C-alpha cells in the first residue's frame, strides 16, 4: 500500500517543536491513518455540554491531580468496540538489534502471560504471518470452543504497517497498539501509544555502537527507566537476557 510519509513527518516535526516526548491521542491517530492502521471513529469533546457532565468533570479532575499544570485540549470520545480477540501489536527500539516489531495476546494478558514474539522491522508479510503462529496461544487466534478466530490477513497487514512506520521514522522509540480487537472480518487498534526520541542512533549497528561508547548495561537491557517501559519493552529486555544466557553453539559438547 502507499504510505503518507509527508503527513507523518509534519506530525513528528510539530511534536519536536512542542518539546513532546510522546504523541497526543489525535496525533497518534493521524500516524495510524497515514500508514493504514485501523482505529475506531472518535471525536474530541471540548466542553461538558458535548459529553456527559459527570464523566467530563471526573476525567478533567483526574488529569489535574496527575499534573496540575497540564494543558487539557479536551476529552477524547471514541467508538466502542465489542467482541473479538484482544492482541497487542507494537514496536520497540532494542539497543543491539534496532527496531523490532512485536505481536502477542493483548489487554491484561500481555502482562500476565508474557506471550510475545518479535521480528526485525520492517517485517515482510510472510514474517508477519509467522508471528501469528509464533506465540504459545496461537490456537486462540484460530478460534476455540465456538469462539470466532481473528482475521489473519488483517493482523498480518497491521504488523507489516507498524513495522514499516517505525523503520521509516527512527524517532519513534516505542509504539503500542493495545488492545487490538481482532474479529473474523477486521483488526482495529482501540488504543495507541507513541513514545518519541529525537536523538536515536540510526540503524542496528549504530545503536549497538552508541551503547558500547558508554558504560555497558548487563545483557544489553534497554536504557529506559522501568516505570516508563511498556509491556513490549520489558518483554524485549527479557528475551535479550534469555538469549545472552544461552551458550554459543561452538561451546556445546558433541558426543560421538
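The values are calculated or read from the model by the stated rules, or taken from the named source; none is laboratory data. Remember, it's a predicted structure, so these values are computed and weren't measured experimentally. For neighbour counting, all protein chains shown are included, and Cβ atoms are generated from backbone atoms with ideal geometry for every residue, glycine included.
Cβ-Cβ distances below 6 Å connect the following pairs, each with a first residue in segment 90-111 that is assigned by TED's automatic domain parsing to the domain that holds residue 161 and assigned to a helix (DSSP H, G or I), a second residue that is crowded, with 24+ Cβ neighbours inside 10 Å and modelled with pLDDT of 90 or more, and a separation of six or more residues or different chains: 110/88; 110/104. Of the residues making up segment 153-170, those that are crowded, with 17+ Cβ neighbours inside 10 Å and over 12 Å from the mean Cα position of the chain (by Cα) are 154, 155, 156, 157, 160, 164, 167, 169, 170.
Can you confirm whether residue 54 is on the phi < 0 side of the Ramachandran plot, at pLDDT below 85, part of a helix (DSSP H, G or I) and loosely packed, with under 13 Cβ neighbours inside 10 Å? Yes; evaluated as a whole, the condition is true for this residue. On inspection, residue 37 passes the criterion of being under 19 Å from residue 167 (Cβ atoms), outside the structural domain of residue 89 (by TED's automatic domain parsing) and part of a loop (DSSP other than H, G, I, E, B). Taken over segment 106-148, the criterion of being modelled with pLDDT of 80 or more, over 26 Å from residue 168 (Cα atoms) and surrounded by 15 or more Cβ atoms within 10 Å (Cβ to Cβ) is satisfied by 115, 135, 140, 141.
Of the residues in segment 17-32, not one is without any contact (Cβ under 8 Å) to a residue 24 or more places away in the chain, touching a helix residue (DSSP H, G or I) at 6+ places or on another chain (Cβ under 9 Å) and farther than 25 Å from residue 153 by Cβ. Test residue 181 against the criterion of being modelled with pLDDT under 95 and assigned by TED's automatic domain parsing to the domain that holds residue 97, and give yes or no. Taking the combined requirement at face value, the residue satisfies it. Here 28, 2 are screened, and the one residue that is touching a strand residue (DSSP E or B) at 6+ places or on another chain (Cβ under 6 Å), under 21 Å from residue 164 (Cα atoms) and either modelled with pLDDT of 80 or more or not in a helix (DSSP H, G or I) (or both) is 28.
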